[in-house]
Structure formats: C-alpha cells, structure tokens
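Rule-based calculations on the coordinates, nothing more; no lab input. Nothing here was measured: the structure is a model prediction, and the numbers come from that model. Cβ coordinates were reconstructed from backbone atoms using ideal geometry, including for glycine residues, and neighbour counts include every protein chain displayed.
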Ligand SMILES: *[C@@H]1O[C@H](CO)[C@@H](O)[C@H](O)[C@H]1NC(C)=O
Ligand SMILES: *[C@@H]1O[C@H](CO)[C@@H](O)[C@H](O)[C@H]1NC(C)=O
C-alpha cells in the first residue's frame, strides 16, 4: 500500500507534467497567429523646434496615432508594450554641427513587444516612411 506522501508526490508530478505540456502547446499555438497590426501616424503640429544650449536640436511634435493592434492579442497574451520612435540617419563620421535635424527625412516606427503568458517574448515593428522636419527653427 502506498503512503500518503508517495501518492501526493505522484499527483504533483502528474500535475506539473500536464502543466508543462499545456504551456508548450499554448506557446506553440502562438506560432500560428501571425499578427498584422496596422498603424497610421500623422504629425499634427511641430510645437517647437530649437537648438539647445549644448548644440543639439530639440523638437516637440503632436502626433495623431491611429492603430489597430487587436491582432496582437491572443489568449496567450499577457501584455503588450507599444511605442513610437522617430528614426533618422546621420551621416557617419560627420562633424556634429548641432543642426542635425534641420530639413531631415525621418521614419516613424511603431514598435511592439508582446509578453506572453507562457513562451518567449516577441517583438516586431512597422516602419512608416516619408516624414520630414523643416529647414528652419521656429
Ligand atoms: C486623428 O486621426 C483620426 C483617423 O485618421 C481622425 O478620425 C481624427 O479626427 C484625427 N484627430 C485629430 C485631432 O486630428
Ligand atoms: C526609412 O525606411 C526605409 C524603409 O525601411 C529606409 O529605406 C530608409 O532609409 C529609412 N529612412 C530613414 C531616414 O531612416
């Protein structure tokens, strides 16, 4: 006859095994979901665009961000971090003149990081092109 301890151990082992298998399946099922969010970022206003005392340019923008992120959410999604970044290229080895942003083309990039309930984290982005900053400070 098995002792209580032995039985409890068997039950716990079984439960942990089932849990591990379930987690693996949930995580795998996530691979069948290919998220296709959409986003549209409009610059409504350039609030200020100025040179800081240290020589760097500083710009403040008001954005209108419309995004459909519903495809990011599956039953395995715990939370989603989303942020928009303005990304631009600087010429390599160029002297930093401090007016790097004047008349600059840039891209708005919507990044998202998905924290699943189980499985590995997943990150992706949408790049939106065709933004530019004015030639003059205001
Ligand atoms: C922001 O964009 C949405 C969709 O493009 C539009 O319906 C809305 O009126 C805009 N809001 C502002 C403040 O421009
Ligand atoms: C914007 O994105 C496009 C496509 O990914 C890329 O070719 C271009 O160099 C980017 N422009 C800037 C200013 O980063």
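Quick look at the values:
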quantity: Calculated FRET efficiency for the pair residue 70/residue 129, C-beta based, R₀ 35 Å, to 0.05; calculated: 0.90
quantity: Semi-axis lengths (Å, descending) of the ellipsoid that matches the C-alpha gyration tensor of the chain; calculated: 51, 17, 12
quantity: Rounded tilt (10° steps) of 4-29 against the dominant C-alpha axis of the chain; calculated: 40 degrees
quantity: Highest-first arrangement of 17-24, 105-112, where packing means the average Cβ count within 10 Å; calculated: 105-112, 17-24
quantity: Residue 81/residue 4 FRET efficiency (R0 30 Å; Cβ-Cβ; nearest 0.05); calculated: 0.05
